Amino acid sequence: MKNLKTIILMKEVTGTVTNDEGLALFLAIDKEFSEGNCVKLSLEKATTFSSSFLNSSIGELIVKYGVKTLKSNLIIVNYQPSRLNQIRAYIEKIKDLA
Amino acid sequence: MIQSKMIQIEIPHIINVGQLLQFLTSYRGVYKNKIITLDFINYHFVKPFHITPLACLVEELKLTNNVVYYENMTPAVRSYLTTVGFMSLFEQDADLSFIQPGVLFEGATYVKLWKIDAEQIDAYISSTINFFRNNNLTGKNLDALNISLSEDFNNIIDHSESLVSGYAVTQYYPNKEELMISICDFGIGIPTKINNFEAESGRQRLSDKEAMRLALTLGFSTKSTPRNKGFGLSTVIDCVKSLNSGIKIISNEAIYMIDNQGDEYTLCTEQNFLGTMIVITLNTKNLPLDEDFVEMETYL
């Protein structure tokens with residue numbers, strides 16, 4: 001059985017605009033995925049995601065693990081519906097362009 | 001000898017963006033090592049979309065060792081330009097290398113002119129959002145403002161190749177219930193960037209109008225950085241459309257706009273603007289309400 005690790009987004013990053021911040025999130029989730037863990041990602045106090053931030057975080061996770069693995073192993077909690085919808089819409093755009 | 005160093009530039013009475021850019025184009029890259037006086041005698045009313053390209057022009061003049069003075073400002077124009085931070089940004093000994101983002105006093109309807117700085121983007125956007133949330137748009141979801149700023153700032157940093165870093169200002173008009181965002185850079189321009197990419201890829205040059213349309217297509221990217229995926233501008237436009245709001249993007253010899261009726265146009269302009277100017281007018285009546293956080297767990 002996989003372990004479930006919690007990552008609080010706004011403790012890993014100071015903002016959700018830049019590529020660098022997106023990379024920080026990618027590295028935090030990638031570390032857990034590569035050890036075979038699932039991740040519960042808390043979006044408490046998360047600010048609006050830029051496309052650059054999503055490209056460098058969710059986008060790079062999709063490149064490395066694929067959409068199916070990402071969706072199976074990442075749980076979202078403490079979110080505003082708009083934040084969740086941003087990530088979902090981003091994944092759909094990536095799938096449409098693939 | 002001294003007189004040949006002194007240049008007087010009269011700022012015209014500006015009604016629309018086209019007039020403004022035509023004026024700017026006349027004076028771009030013309031002067032070096034001169035004493036330039038910007039004469040405001042015909043200029044009486046300031047809008048955000050005037051300030052950002054004017055700020056770019058003044059910085060560009062200073063980068064070519066010109067000294068810039070101002071004269072004949074009406075008290076109202078001087079007061080506005082002082083309060084919004086334009087005057088202090090360009091004081092004779094002002095250090096342009098580092099400018100703190102700042103907001104105005106409580107009750108003020110605009111956020112100060114800001115020289116775009118990659119290291120300060122998060123802080124600037126955060127302070128801008130908090131300002132409007134606490135002062136004018138309490139209880140509203142301000143994702144649209146955040147997206148308008150963040151996507152455009154990232155585009156300037158990733159793609160513009162601008163020696164002048166770019167400027168932004170945001171103003172709320174309570175009577176019209178509009179939030180106007182003006183961002184300008186003096187980079188190579190969107191169509192030029194697209195055509196450089198097309199040329200490197202062995203493809204034919206596009207007209208500026210065609211290049212602008214391509215730039216706004218979801219998924220098209222010049223890959224200025226490896227992670228660019230071409231989502232930025234289309235995300236801003238989707239946001240504008242969802243709020244029945246307006247946008248103008250002017251770059252090189254093209255303009256893209258969505259007007260008050262929601263109609264979209266991509267047109268040729270009469271002058272070649274070396275840079276990109278974006279003016280977004282958000283209809284704040286249509287901003288959704290702010291959301292609560294959901295504790296429930298969910299998969300994507």
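In the elastic network of chain A, a GNM with C-alpha springs shorter than 10 Å, the most mobile of A:E12, A:E21, A:E35 is A:E35. Remark: mean inter-chain Cβ contacts per residue of A:6-18 equal 3, using a 10 Å Cβ-Cβ cutoff to other protein chain atoms. Sequentially through region B:188-194, phi angles give Karplus couplings (6.51, -1.76, 1.60; θ = phi - 60°) of 7, x, 5, x, 5, 4, 4 Hz, Gly and Pro residues having no value and appearing as x. When each of B:T170, B:T298 is scored by the number of other beta-carbon atoms lying within 10 Å, the sequence from fewest to most is B:T298, B:T170.
Residues whose amide H lies under 5 Å from that of B:S160, counting only those 5 or more places away or on a different chain, are absent; hydrogens are built 1.01 Å from N in the peptide plane. For chain B, averaging the sequence separation of C-alpha pairs within contact (under 8 Å, six or more residues apart) and dividing by the residue count gives a relative contact order of 16 percent. Taking 22 Å as R0, compute the FRET efficiency from the Cβ-Cβ separation of A:K95 and B:D238 and round it to 0.05. It comes out at approximately 0.80. From most to least packed by mean Cβ count within 10 Å, the peptides A:80-86, B:109-115 give B:109-115, A:80-86.
Counting other Cβ atoms within 10 Å as a rough exposure proxy, the listed residues A:K93, B:K223 run B:K223, A:K93 from fewest neighbours to most.
Applied to region B:270-278, the Karplus parametrisation 6.51 cos²θ - 1.76 cosθ + 1.60 on θ = phi - 60° returns per-residue 3J(HN,Hα) values of 7, 10, 9, 8, 7, x, 9, 10, 10 Hz, with x for Gly and Pro. Taking a straight line from the alpha carbon of B:K115, these aspartates and glutamates sit under 20 Å away, with near neighbours fewer than eight places off in the same chain left out: B:E59, B:E60, B:E91, B:D93, B:D95, B:E151, B:D152, B:D158, B:E161, B:D185. When B:D122, B:D292, B:D238 are arranged by Cβ crowding within 10 Å, least crowded first, meaning fewest neighbours, the order is B:D292, B:D238, B:D122.
Residues whose amide H lies under 5 Å from that of B:V84, counting only those 5 or more places away or on a different chain, are absent; hydrogens are built 1.01 Å from N in the peptide plane. Database remark: amide H of B:I35 closer than 5 angstrom to the amide H of B:M6, B:I7, B:V67 (H placed geometrically; neighbours at sequence offset of 5 or more, or on other chains; Pro and chain starts carry no H). Mean partner shielding of peptide A:81-89, defined as the number of other chain Cβ atoms within 10 Å of each residue Cβ, is 3. Here the Karplus curve 6.51 cos²θ - 1.76 cosθ + 1.60, taken at θ = phi - 60°, turns the phi angles of region A:72-80 into couplings of 7, 10, 10, 10, 10, 9, 6, 10, 7 Hz, with x standing for Gly and Pro. Counting Cβ atoms of other protein chains within 10 Å of each residue's Cβ and taking the mean over peptide B:143-154 gives 4. Tell me which aspartates and glutamates have Cα within less than 19 Å of A:K68's Cα, excluding those fewer than 8 residues away on the same chain? List returned: A:D30, A:E32, A:E35, A:E60, A:E92, A:D96, B:E297. Using the charge dipole of the protein assembly as shown (Lys, Arg: +1 at Cβ; Asp, Glu: -1 at Cβ; taken about the Cα centre), state which of A:Y65, B:N196, A:T16 has its Cα farthest towards the positive end. Farthest towards the positive end: A:Y65.
We did not get these values from a lab; they are worked out from the coordinates using the rules stated. Source: prediction; values computed, not measured. When we count neighbours, we look across all protein chains shown, and the Cβ atoms used for this are built from the backbone with ideal geometry, even at glycine.
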